[in-house]
There are 2 protein chains.
Amino acid sequence: MANIKDVAERAGVSVATVSRVLNGRSPVAATRERVLAAVEELGYRPNVVARALRTARTRTLGLVISDLRNPFFTELADAVEQEARRLGYSLIIGNAGESPEQQDDYIRTLLDRRIDGLMVSSAGTGSAMLHEVVSAGTPLVLLDRSVPGVAAPCVRAEGRAALTDLAAHLAALGRRRPAVIVAPAGTPVGDERLELFRAALLGHGIALPPERIGSSPDLSSAGGRRVTRDLLDLAEPPDAVLATDNLMALGALDEVRARGLRIPDDLALVAFDDVPWFAHTDPPLTAVAQPTRELGRAAVHTLLERIEGRPAGSVLLPARLVVRRSCGEPPTH
Amino acid sequence: MANIKDVAERAGVSVATVSRVLNGRSPVAATRERVLAAVEELGYRPNVVARALRTARTRTLGLVISDLRNPFFTELADAVEQEARRLGYSLIIGNAGESPEQQDDYIRTLLDRRIDGLMVSSAGTGSAMLHEVVSAGTPLVLLDRSVPGVAAPCVRAEGRAALTDLAAHLAALGRRRPAVIVAPAGTPVGDERLELFRAALLGHGIALPPERIGSSPDLSSAGGRRVTRDLLDLAEPPDAVLATDNLMALGALDEVRARGLRIPDDLALVAFDDVPWFAHTDPPLTAVAQPTRELGRAAVHTLLERIEGRPAGSVLLPARLVVRRSCGEPPTH
DNA sequence: GGGCGCTAGGTAATCGATTACATCGGGAGG
DNA sequence: CCTCCCGATGTAATCGATTACCTAGCGCCC
């Protein structure tokens with residue numbers, strides 16, 4: 001493969017001149033033409049490895065995602081990738097599979113590859129490597145999940161408005177005994193969603209007692225199903241369930257079907273996260289949609305600000321309620 | 001960040017010795033200890049960019065996937081990533097979004113980054129860049145989709161056994177008027193699946209006339225739905241439908257529901273590709289499961305063979321029929 | 001005891017770009 | 001006409017590793 005020296009020889013100039021032409025500095029028209037012609041004829045492409053060594057910039061970003069097979073994160077990763085690419089960066093995606101060890105291992109690899117910046121949707125509750133990233137000075141942005149004690153901007157969705165709408169929606173449909181399925185205790189997003197929902201319900205005089213708050217051992221459909229089973233076995237079972245993640249919603253759906261219950265007649269079901277196939281379930285699920293692609297874009301922009309040395313704060317984007325038919329009476333429009 | 005020179009100074013040896021210790025060649029115990037201690041104290045990590053420049057190997061693979069948001073490809077990408085990582089390689093994933101231009105663009109970027117090898121599940125019908133990859137000598141493996149005229153091994157699943165089983169299954173359940181939803185004409189995988197299914201049906205004396213072969217304009221649920229509509233509008237509508245892709249199966253499900261038809265009573269539905277939520281539809285879908293993770297692993301292994309200069313042929317792994325309840329009578333076990 | 005071979009480890013070239021600095025030539029101003 | 005300055009371009013250092021080649025020292029054998 002042709003290198004810059006070959007181009008220089010062919011054009012009858014020095015390598016410095018070739019570099020300058022290609023990077024848009026100075027050289028005059030005639031020289032410029034000759035260099036570009038040589039580049040064309042040889043099919044020259046700059047060696048980005050050599051360039052990265054010299055400039056100490058790889059034009060590569062890293063993304064460590066907690067579970068790539070969760071459709072919410074798939075879409076998030078896709079959005080990040082597209083935006084990074086649009087701005088001239090490549091992306092290396094690492095899938096932590098909800099394991100903090102694998103996450104740390106991945107971050108290590110990415111740092112070794114001298115990525116210009118890192119985005120992490122952290123598995124579990126924080127990790128040692130995250131602190132190391134910060135103290136090593138590598139620009140970092142937390143995505144979807146904030147991590148206490150890590151000094152980095154966080155880009156995520158905020159559910160206040162959507163959950164307020166949801167509470168109103170449920171109240172209007174006469175649901176009085178809501179329940180919530182939350183992720184394992186201690187994950188900040190789950191707790192926040194729970195508290196916002198509780199507050200919103202309170203505005204309609206509806207309580208959310210502890211027995212109707214089910215904590216799943218993990219973010220999986222099996223976990224969601226187990227929690228739903230317990231909720232439905234209560235002496236006073238709920239008449240509405242909010243699952244705070246799409247996989248747990250799927251598990252809830254399974255349990256409801258297994259018992260021969262009907263949605264929305266016997267139980268209303270709402271999911272946090274709107275993934276494509278929720279529109280295709282029977283009935284279509286009402287969901288709190290996160291602005292997934294916007295989150296991805298915002299994460300990249302925030303990271304680039306940091307990379308270019310500008311300060312950048314956290315970003316909170318509002319989620320919104322998508323009403324379908326799983327709580328009763330279809331939307332009237 | 002500490003570099004090899006810092007380590008050399010601290011250990012009181014030359015950089016060559018440090019390099020040798022770290023790469024496992026010669027030096028004697030005492031020196032070795034000193035070097036490793038210095039590495040430890042300084043938290044030294046080799047600069048992989050510099051190493052790549054010198055050795056002309058980046059230990060990075062590229063994967064260009066036709067549509068990352070299609071759950072089949074999500075899982076495939078995840079499997080590839082895990083295996084690559086296990087073998088000490090990083091992976092850059094590019095999502096072509098079923099666009100040949102974007103695919104070419106991506107391949108260009110990956111070549112520029114001097115990846116050691118490339119895997120492609122090609123969007124559309126081939127592309128100019130693929131030939132360029134081959135003639136540039138970059139090891140290439142085609143994944144899931146073969147491309148006529150490109151001299152590279154192809155790793156994919158083969159449906160003969162599964163479709164033979166499916167034909168028997170449908171025949172046993174008394175289905176006599178099967179239909180197929182195929183991807184746009186000209187995509188080799190779709191055509192192959194169609195022909196294998198046709199042959200298998202013939203073995204049971206069941207015909208597959210042209211009017212019951214619906215060709216979707218694209219690999220999407222909307223496309224699948226449109227085709228299903230046409231099939232159901234036939235004077236003699238089918239009593240079983242095989243969708244050759246999971247998204248098109250989803251569209252078929254939508255159309256069936258919209259018409260108030262019941263599965264399996266009014267229509268049997270089978271999908272090619274088994275994705276997680278097929279087990280959660282109502283009823284759970286019978287599907288032809290590709291050995292997705294094995295495909296990913298095989299692709300990485302085949303590629304590494306090529307990278308290390310050994311010849312490697314194509315790999316065909318058998319798909320298998322997963323019987324659930326969308327064709328009638330549950331399995332008797 | 002001298003020559004030989006072997007090994008540990010140092011010196012320096014190299015990968016392919018970017019870029020600080022030097023040089024050269026020409027035009028403008030005094 | 002000379003000087004000064006500026007713009008175009010060349011020369012060479014540099015990024016951080018790997019590795020070919022060379023040297024020094026040691027032990028062994030005759």
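The values are calculated or read from the model by the stated rules, or taken from the named source; none is laboratory data. Owing to the predicted nature of the structure, the values given are computational and were not obtained by experimental measurement. So basically every Cβ, Gly included, is an ideal-geometry build from the backbone, and we count neighbours across all protein chains shown. With ligands, DNA and RNA removed, areas are computed over all heavy atoms of the protein, side chains included. Shrake-Rupley method; radii C 1.70, N 1.55, O 1.52, S 1.80 Å.
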Among the residues of the stretch B:66-78, which ones are of a type outside the set (Ser, Thr, Tyr) and at the interface with chain A (Cβ under 10 Å from one of its Cβ atoms)?
B:Asp67, B:Leu68, B:Arg69, B:Asn70, B:Pro71, B:Phe73, B:Glu75, B:Ala77, B:Asp78
Checking A:Ser14 against (1) among the hydroxyl-bearing types (Ser, Thr, Tyr); (2) within 30 Å of A:Gln102 (Cα to Cα); (3) not assigned by TED's automatic domain parsing to the domain that holds A:Pro139, which test does it fail?
(2)
Among residues of the stretch B:273-322 being within 14 Å of another protein chain (Cβ to nearest Cβ) and in a helix (DSSP H, G or I), the residue most open to solvent (accessible area, probe 1.4 Å) is B:Pro276
From the list B:Ile92, B:Ile107, which one is more than 10 Å from every other protein chain (Cβ to nearest Cβ), on the phi < 0 side of the Ramachandran plot and open to solvent by less than 30 Å² (accessible area, probe 1.4 Å)?
B:Ile107
Across the stretch B:244-265, what is the total count of residues that are within 13 Å of another protein chain (Cβ to nearest Cβ) and either outside any loop (DSSP other than H, G, I, E, B) or open to solvent by less than 20 Å² (accessible area, probe 1.4 Å) (or both)?
13
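Considering only the stretch A:36-65, how many residues are part of a helix (DSSP H, G or I) and either within 12 Å of DNA strand C (Cβ to nearest atom) or open to solvent by less than 20 Å² (accessible area, probe 1.4 Å) (or both)?
11
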Within 16 Å of DNA strand D (Cβ to nearest atom), open to solvent by less than 40 Å² (accessible area, probe 1.4 Å) and at pLDDT below 90: does that describe A:Thr17?
no
Within the group A:Ser66, A:Ser26, which residue is without any contact (Cβ under 8 Å) to a residue 60 or more places away in the chain and of a type outside the set (Lys, Arg)?
A:Ser26
Filtering the stretch B:20-35 for residues that are more than 12 Å from DNA strand D (Cβ to nearest atom) and surrounded by 14 or more Cβ atoms within 10 Å (Cβ to Cβ) leaves a count of 3
Evaluation of B:Arg325 against (1) within 26 Å of B:Thr58 (Cα to Cα); (2) crowded, with 16+ Cβ neighbours inside 10 Å (one fails), failing number:
(1)
